[in-house]
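Right, one structure below, let's go through it.
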Amino acid sequence: MNAGAQRFPPARAAARGLALALAGFAAGAHGAEPAESTRAEASVIESRRAAAAVWRLSAQDWARYETLMRGRRGVWTPGADPLLVLGAHARSESERRRFAEAFVRAEHERVEGELAFERAVQAAWARLFPGELRLAAQSPAKPPPERYALVFDRDCEDCGATVRRYAGGAVAVDVYVRGAADDAALRLWAWSHGVRAADVRTGRVTVNHDDGSVPGPAPAVWARRSGRWAPVE
């Protein structure tokens with residue numbers, strides 16, 4: 001066949017071939033996006049699984065913790081540890097007990113580790129600097145309380161002074177009353193024990209039924225510092 005007889009593909013066929021090639025390229029580009037998204041989701045899932053494992057929690061427990069921290073709990077106590085949050089928002093007595101035991105185990109492990117390290121430090125001091133007096137570091141002052149919780153029985157005696165002392169301060173106060181029959185009885189209790197309506201309206205003081213979720217005996221005063229509640233001595 002001579003050069004003049006050479007045939008070229010029709011222009012329409014060539015254009016179709018280019019369109020198919022571009023379509024294949026676009027499909028490949030779009031196909032990369034789901035892959036990237038899948039990898040990102042897998043990374044998030046793995047990081048959540050690792051965080052849950054640190055606290056010896058299940059994936060379901062960790063998901064509920066994250067949900068709670070996106071709500072009011074995250075505003076009340078940002079950075080609060082998962083066991084405290086899950087225990088405070090337990091949905092049943094058995095769940096509350098499970099998280100309480102997990103919290104105690106974690107605290108026991110933390111304290112034992114810190115005491116063991118302190119003993120090791122004392123031994124190292126005696127070994128490296130024998131005969132030298134070691135000055136104990138001054139204990140850091142407690143941070144100011146973020147909030148108080150007052151717990152009373154409905155028929156408590158002489159608890160009005162405690163209510164007025166804490167409710168009259170600058171720190172917000174939550175009052176919990178055990179045994180109040182209904183909201184009307186709760187309001188009467190608050191009024192007769194010195195809770196001011198203006199403080200309740202502004203939210204600086206709240207008055208609540210204690211449904212058994214507040215631990216320990218009554219009367220009691222609790223203070224929250226750095227996201228943790230502890231009894232006031």
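Rounded to the nearest 5, what % of the DSSP beta bridges within region 147-231 are antiparallel ones?
Beta bridges within region 147-231, antiparallel portion: roughly 45 percent.
Please list, by residue number, everything in region 90-132 whose backbone N is under 14 Å from a paramagnetic label point 7 Å out along Cα→Cβ of Trp76. Answer for region 90-132: 90-91. Each of Thr67 and Arg187 was given a label point 7 Å from its Cα along the Cα-to-Cβ line. The distance between the two points is 3.4 nm.
Subtracting the Cα-Cα distance from 0.36 nm times the residue separation, let me have the gained length for Lys142 to Arg56 in nm, one decimal.
The span from Lys142 to Arg56 would gain 28.0 nm if fully extended.
Each Lys and Arg Cβ is given +1 and each Asp and Glu Cβ -1; about its Cα centre, region 147-231 then shows a dipole of about 540 debye.
Divide, for region 147-231, the radius of gyration over alpha carbons by 2.2 N^0.38 Å, where N is the residue count. Rounded to two decimals, the normalised Rg is 1.00. Using R0 = 35 Å, the C-beta based FRET efficiency linking Glu112 and Ile45 works out to 0.60. The stretch between Glu157 and Ser226, if pulled fully straight at 0.36 nm per residue, gains 21.7 nm over its current Cα-Cα span.
None of the figures in this text is laboratory data; all of them are computed from the coordinates on show. In this text, all values refer to a predicted model and were calculated from it rather than measured experimentally. Neighbour counts run over all protein chains shown; Cβ positions are idealised from the backbone, glycine included.
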